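Worksheet for the structure shown next.
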Amino acid sequence: MIIQTSNVRINVEYFPSSEKESTFVFLLHGFTGSTNDWKEIIPHLSKKFSYAAVDLVGHGKSESPENLELYLASSIINQLHKVIDHFTQKKFILLGYSMGGRVALSYAAKHPDKLSGLILESVSAGITDEKLREERIRSDENIIKMIEEKSLEEFVEYWMNQDLFATLKNWPKEKLAAIKNSKLKIQKMGLINSLKGFGTGVMPPLDDKLDLIKCKTYLITGELDKKFTQINSELVKSFPSAKHVIVKNAGHNVHLEKPDEFGRLVNGYLTG
């Protein structure tokens with residue numbers, strides 16, 4: 001379904017619970033991803049909850065506007081707020097992967113009292129060091145230039161061949177091809193503006209706001225993703241109530257690499 005937010009139409013795939021009074025879980029994908037990324041996971045999750053997978057601005061079936069302001073953290077938070085209000089006025093749970101995790105974390109820092117839970121997969125809280133921020137922005141500028149100059153097929157091939165996703169190379173060719181094909185439906189404008197407006201170097205860092213997030217927080221990383229496992233081993237200390245779980249033999253994209261294990265972990269969180 002399409003939900004009209006402030007100046008942006010956002011696509012949401014809704015998976016209702018059979019129970020009358022169910023808590024909502026909103027799922028947020030990573031950069032170049034879409035609601036399709038969660039379709040293999042949702043069948044593994046508890047039927048006691050209702051699920052809404054959201055295509056973030058510039059991704060999936062949501063709009064990819066030219067206006068850069070609509071990709072800033074403040075705008076994305078407002079868009080997500082409108083989507084959530086469409087479904088529930090009660091407390092809810094956010095589950096975000098990578099870029100979607102940064103969105104979930106940004107929302108939680110802005111509206112901590114609205115959440116009953118927070119699940120973050122392979123996430124960072126932004127970058128506080130100015131030199132490192134500038135380095136990341138320059139890196140993203142090079143990626144933006146590639147998106148502008150190359151075909152979408154060439155960019156997706158480059159993106160999926162990064163060291164961050166090296167563990168996906170062991171997948172069956174058909175499964176890997178399906179993921180790549182789903183990314184080819186994204187608009188270039190959406191990818192470019194997502195990096196310009198909400199790249200890791202651009203987003204407001206959240207380290208000094210994590211103590212505001214009082215709800216039970218779950219951090220998930222793959223043991224083969226050394227970078228984000230290290231980030232999260234430090235990040236977990238900043239929350240009032242958080243746990244960091246490391247999934248064996250998994251890389252950056254735990255929910256796609258280990259759907260059974262990921263589902264078991266999330267269910268343990270949801271029902272525990």
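Throughout, read-outs are computed from the coordinates displayed, never taken from laboratory work. Not measured: the values here are computed from a predicted model. As a convention, Cβ positions derive from the backbone with ideal geometry for all residues, glycine included, and neighbour counts pool all protein chains shown.
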GNM on the chain, C-alpha springs below 10 Å: top fluctuator among HIS44, HIS255, HIS59?
HIS44
Which ³J(HN,Hα) values, rounded to whole Hz and listed in residue order, are derived for the range 200-208 from phi using the Karplus coefficients 6.51, -1.76 and 1.60 in 6.51 cos²θ - 1.76 cosθ + 1.60 with θ = phi - 60°, glycine and proline given as x?
4, x, 9, 4, x, x, 10, 3, 7
Integer Hz, Karplus 6.51/-1.76/1.60 couplings in order for the range 129-144, x for Gly and Pro
5, 4, 5, 5, 4, 5, 5, 5, 4, 5, 4, 5, 5, 5, 5, 4
Enter the per residue convex hull volume of the range 2-271, computed from alpha-carbon coordinates, in Å³ rounded to the nearest integer.
116
GNM flexibility winner over the chain from SER122, SER139, SER238 (Cα, springs under 10 Å):
SER139
Can you compute the label reach from SER17? Point 7 Å from Cα along the Cβ direction, backbone N cut-off under 13 Å, restricted to the range 245-272.
267, 270-272
HN-Hα J in Hz across the range 69-82 - Karplus 6.51, -1.76, 1.60, θ = phi - 60°, x for Gly and Pro:
4, 6, 10, 6, 3, 4, 5, 5, 4, 5, 4, 5, 4, 5
Once normalised by the length of the chain, the mean sequence separation of its alpha carbon contacts under 8 Å that are 6 or more apart gives a contact order in percent of 22
Give the share of C-alpha pairs in each 5 angstrom bin for the range 183-272, from 0 to the last occupied bin, in whole percents, shortest bins first.
3, 12, 16, 17, 19, 19, 11, 3, 0
As a footprinting exposure proxy, order LEU80, LEU28 by other Cβ within 10 Å, with the fewest listed first.
LEU80, LEU28
Against the globular-protein guess of 2.2 N^0.38 Å, express the Cα radius of gyration of the range 103-171 as a ratio, rounded to two decimals.
1.48
LYS169: which lysines have alpha carbons under 16 Å from its alpha carbon, excluding same-chain residues fewer than 8 sequence positions away?
LYS180, LYS258
Cα lying deepest toward the dipole's positive end in the chain, options SER22, ILE220, LEU265, charges on Cβ
SER22
A correct Stokes-Einstein calculation for the range 1-52, using the alpha-carbon Kirkwood radius, 10 °C and 1.306 mPa s, returns a whole-number D in µm² s⁻¹ of 130
How high is the FRET efficiency between LEU212 and GLU141 when r is their beta carbon distance and R₀ equals 25 Å, given to the nearest 0.05?
0.20
Compute the longest continuous run of the chain that contains no exposed trypsin sites (Lys or Arg not before Pro); treat a site as exposed when its DSSP state is not H, G, I, E or B and it has at most 10 other Cβ atoms within 10 Å.
21-247
Loop-only check: which GluC sites (Glu not before Pro) in the range 37-141 are DSSP coil with at most 16 other Cβ within 10 angstrom?
GLU40, GLU66
Members of LYS114/LYS175; LYS39/LYS82; LYS61/LYS237 lying beyond 32 Å, as alpha-carbon distances in this model show:
LYS114/LYS175; LYS61/LYS237
State to the nearest 20 debye the size of the charge dipole of the range 2-271 about its Cα centre, where the only charges are +1 on K and R beta carbons and -1 on D and E beta carbons.
660
